[in-house]
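Q: The structure follows.
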Amino acid sequence: MKKIMFTKHLEGLDLKGIINGLKAATVEGADLCVRPGYPVNPENISTALPEAAKAFADEGLVIPLVTAPGDFTRPDIEYAEEYYAACGEAGVGHIKLGYWHWKAAKHYWDHLDEVRRYMEGFEELSAKTGVKTVVHNHSGKSMGLNSCAAMNIVKGFDPAHVGIFTDPGHLSLCGEPIEMAIDIVRDYVSVFAFKDLIKYRPQGRKDQGTRKTGVVRLGTGFGDWPELISTIKRIGFDGPVSFHSEYSGEDVDTVVDLCRIDVRFIESLWSEA
């Protein structure tokens, strides 16, 4: 299990600041957010990502995963080939795609057919560059909201090139029991995200009847973490695990501190499992 940190919430830091933050968080590398507004982004990825990978390596860190913009859902997007090629050159093993969202105007199965046609193109890019494409199981109206839905997207594609970014936090909201969820995607599971979620009803607002999703400290939400860790150990998973310390309203230094606490929490469970 290679512990990495999602750098989305290190926004505003330059590359050196990100490296220092990762080292302070006691992780081994980055789930590098390569989106507009970050040091490495779609406009400069061809030069900036290999440079970032070298800077990381000089500090004993790695970049096993890059997270693409949320609208990176088609293989014919303008910068797709350049994006994959840069990741391949930099030695990045995985690219996490954006999200397809179900809408009532389009029948689910028709939309799925469209998504799978896009996946054919992503599989070709992965085969060409050696960078695996991963689909995130994300709750809500995402086409890959749980393990079964994510498998609808990837089943039949080559697991060497296409995989699942398994997120137990989102699975705890709308997924299968965690040991079952992992077994469903076992042939495709490539990366894990570690964050804990809850559903709650806001108080004192007109929409208080509408449930909201909140990110909470690991071990305090809906996730069954002991069962998750036992299952990961049982299947022998040794790939990247991305810590998503998405604690809203916290400054960067606090996010780093909380990530370090999350790492200790998982390491404790790992030693007990």
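Q: Quick check on my filter: what residues within region 210-232 are among the basic types (Lys, Arg) and either modelled with pLDDT of 95 or more or in a loop (DSSP other than H, G, I, E, B) (or both)?
A: If the condition is that a residue be among the basic types (Lys, Arg) and either modelled with pLDDT of 95 or more or in a loop (DSSP other than H, G, I, E, B) (or both), then 211, 217 are the ones that fit.
Q: Next up: For region 233-262, give me each residue that is farther than 18 Å from residue 163 by Cα, aromatic (Phe, Trp, Tyr) and at pLDDT 95 or above. I'd like the intermediate steps shown before the answer.
A: As a first pass, look at region 233-262 and keep what is farther than 18 Å from residue 163 by Cα: 233-234, 243-262.
This time we only want the ones that are aromatic (Phe, Trp, Tyr), so: 243, 247.
Result: 243, single match.
Q: List the number of the failed condition for residue 54; all other conditions in (1) within 30 Å of residue 102 (Cβ to Cβ); (2) assigned to a helix (DSSP H, G or I) hold.
A: (1)
Q: Next up: Go through (1) in contact with a Phe, Trp or Tyr (Cβ under 9 Å, 6 or more places away or on another chain); (2) exposed (fewer than 13 other Cβ atoms within 10 Å of the Cβ) and name the single condition residue 163 misses.
A: (2)
Q: Just to check your reading of the model, which residue among 86, 30 is in contact with a helix residue (DSSP H, G or I) (Cβ under 6 Å, 6 or more places away or on another chain), hydrophobic (A, V, I, L, M, F, W, C) and either in a helix (DSSP H, G or I) or touching a residue at least 40 places away in the same chain (Cβ under 8 Å) (or both)?
A: None of the others qualify; the one that does is 86.
Q: Of all residues in region 89-139, which are of a type in the set (Phe, Trp, Tyr) and part of a helix (DSSP H, G or I)? Spell out the reasoning first.
A: Here is the first cut: in region 89-139, the residues of a type in the set (Phe, Trp, Tyr) are 99-100, 102, 108-109, 118, 122.
Selection gives 108, 109, 118, 122.
Q: Something else: With surrounded by fewer than 17 Cβ atoms within 10 Å (Cβ to Cβ) and of a type outside the set (Phe, Trp, Tyr) as the only criterion, which of 106, 96 stands out? Can you show your working first?
A: Working: 96 fails: surrounded by fewer than 17 Cβ atoms within 10 Å (Cβ to Cβ).
So the residue among 106, 96 that is surrounded by fewer than 17 Cβ atoms within 10 Å (Cβ to Cβ) and of a type outside the set (Phe, Trp, Tyr) is 106.
Q: Whether any residue in region 233-249 is part of a helix (DSSP H, G or I), surrounded by 15 or more Cβ atoms within 10 Å (Cβ to Cβ) and in contact with a strand residue (DSSP E or B) (Cβ under 9 Å, 6 or more places away or on another chain) is what I want to check. Full working, then the answer.
A: So the first thing to find is which residues in region 233-249 are part of a helix (DSSP H, G or I), and the list is 233-235.
Subsequent filtering for residues that are surrounded by 15 or more Cβ atoms within 10 Å (Cβ to Cβ) retains none.
No; the residues of region 233-249 include none that is part of a helix (DSSP H, G or I), surrounded by 15 or more Cβ atoms within 10 Å (Cβ to Cβ) and in contact with a strand residue (DSSP E or B) (Cβ under 9 Å, 6 or more places away or on another chain).
Q: Going by what's in this entry, would residue 122 be described as of a type in the set (Phe, Trp, Tyr), closer than 30 Å to residue 265 by Cα, touching a residue at least 40 places away in the same chain (Cβ under 8 Å) and crowded, with 20+ Cβ neighbours inside 10 Å?
A: Working: of a type in the set (Phe, Trp, Tyr): yes; closer than 30 Å to residue 265 by Cα: no; touching a residue at least 40 places away in the same chain (Cβ under 8 Å): yes; crowded, with 20+ Cβ neighbours inside 10 Å: yes.
For residue 122, the condition - of a type in the set (Phe, Trp, Tyr), closer than 30 Å to residue 265 by Cα, touching a residue at least 40 places away in the same chain (Cβ under 8 Å) and crowded, with 20+ Cβ neighbours inside 10 Å - is not met.
The values are calculated or read from the model by the stated rules, or taken from the named source; none is laboratory data. Since the model is a prediction, treat every value here as computed from it, not as a measurement. Positions of Cβ are backbone-derived with ideal geometry, glycine not excepted, and every protein chain shown enters the neighbour counts.
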